[in-house]
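Before any comments, here is the structure.
The values are calculated or read from the model by the stated rules, or taken from the named source; none is laboratory data. Bear in mind the structure is a predicted one, so any value in this text is a computation, not a measurement. Every residue, glycine among them, receives a Cβ derived from its backbone with ideal geometry; neighbour counts consider all protein chains shown.
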2 protein chains.
Amino acid sequence: MVIHEMTLEECHDALAQANFARLACQRDGQAYVVPVYLIYDGKYLYGFSTLGQKIEWMRADPLVCVEIDDVKSQNRWTSVVVYGRYEELPDTPEHKAIRLHAHALLQKHAMWWEPACVAVEHRDSPNSLTPIFYRIHLDRMTGHQGSPDSVEGQPAPPTNARNWLSSVLDRVLHPTSFTHRRRDARHGWG
Amino acid sequence: MVIHEMTLEECHDALAQANFARLACQRDGQAYVVPVYLIYDGKYLYGFSTLGQKIEWMRADPLVCVEIDDVKSQNRWTSVVVYGRYEELPDTPEHKAIRLHAHALLQKHAMWWEPACVAVEHRDSPNSLTPIFYRIHLDRMTGHQGSPDSVEGQPAPPTNARNWLSSVLDRVLHPTSFTHRRRDARHGWG
């Protein structure tokens, strides 16, 4: 397998083709990640939810991360990681146009409303029924693409990987002390 | 679709069947999520990596989150979210046994070493070649399972969902002011 870094254009294309993503946020140092439907309009990722932990945490700490991937096989895949900021699109007259835009985009996915709708059945709060539209601002993103190398189907790893794997196993079988590792480091290996 | 909460036993079973996961961590309030190979031994999730942002962030802030899912179709899926703690298994004599255990578990996945190995080719630091074994302690987990309901294949959402969707669209088309929403809230809807 060969892994290459995707260009920004390739990352945008991958986002445009996806509608299913993993959204990570955090609160007080505890990370959290859930699957969500998100739709990309070329500038923002739009999502829909009802009130719950994800929304509460993103309101408090808006620096989120979105990962989308397309895994066709073990050695043919793309993965894009977006560092972004959560912005809620509240139910106010000045947000009417952007909420309509989000609503129209999300309609592209036939069942976009379902996880949010079904999830509320498990909740007691009256606020749990409030529909919440939001969007993610894209601050930075990186993407990687894996594809079969020229010796596709070869059962053994290539020579450089074989040497490295052998050294990994050697380290597992023959652990070194911290002192040894520091000495190794001077030779560029610790 | 019906979504039900999975029992703890069902969550354990789902983890035992998975080897591919999304691992979220955070640093200074910025969330981060990446796909990884993780293998569950019934108590911990074991992983392998080389030095990079993920390892550096988890060393600094060990409260991670792991999400695994199995999406067979739009209305047939499972998703398990684990709140956990990162523990590195360093290259020391006292960790030899546990590193061998991790190594043996990870061998179950034919290409477990590949993303880490290939990734180092893009890095300049001599430390980037150091093999890092780690495990995730499971502090808490929740799981949800979606399955088709009795009217599978029905194109329209069920009545309660239809009513709710209609109210969502109504809110998008006719946004209320903050004052209105506060008044709504007294009736259990805002």
**Item:** Which listed residue, of B:97, B:14, B:24, B:104, is within 13 Å of the chain's Cα centre (by Cα), more than 8 Å from every other protein chain (Cβ to nearest Cβ) and outside any loop (DSSP other than H, G, I, E, B)
**Value:** B:14
**Request:** Scan the stretch A:121-129 and give yes if some residue there is at the interface with chain B (Cβ under 7 Å from one of its Cβ atoms), over 30 Å from residue B:99 (Cα atoms) and at pLDDT 70 or above, otherwise no.
**Result:** yes
**Prompt:** If you go through the stretch B:1-11 one residue at a time, how many are β-branched (Val, Ile, Thr) and in a strand (DSSP E or B)?
**Reply:** 2
**Message:** For the stretch A:67-86, give me each residue that is in a strand (DSSP E or B), of a type in the set (S, T, N, Q) and within 10 Å of chain B (Cβ to nearest Cβ).
**Reply:** A:79
**Prompt:** Hey, does the stretch A:3-13 have a residue that's surrounded by 15 or more Cβ atoms within 10 Å (Cβ to Cβ), within 24 Å of residue B:80 (Cβ to Cβ) and modelled with pLDDT under 95?
**Reply:** no
**Complete:** Residues of the stretch A:35-66 being within 12 Å of chain B (Cβ to nearest Cβ), at pLDDT 95 or above, assigned to a strand (DSSP E or B) and crowded, with 22+ Cβ neighbours inside 10 Å, in sequence order, are A:64, A:65, A:66
**Request:** Considering only the stretch A:86-99, state which residues are surrounded by fewer than 16 Cβ atoms within 10 Å (Cβ to Cβ) and either outside the structural domain of residue A:67 (by TED's automatic domain parsing) or in contact (Cβ under 8 Å) with a residue 40 or more places away in the chain (or both).
**Result:** A:87, A:88
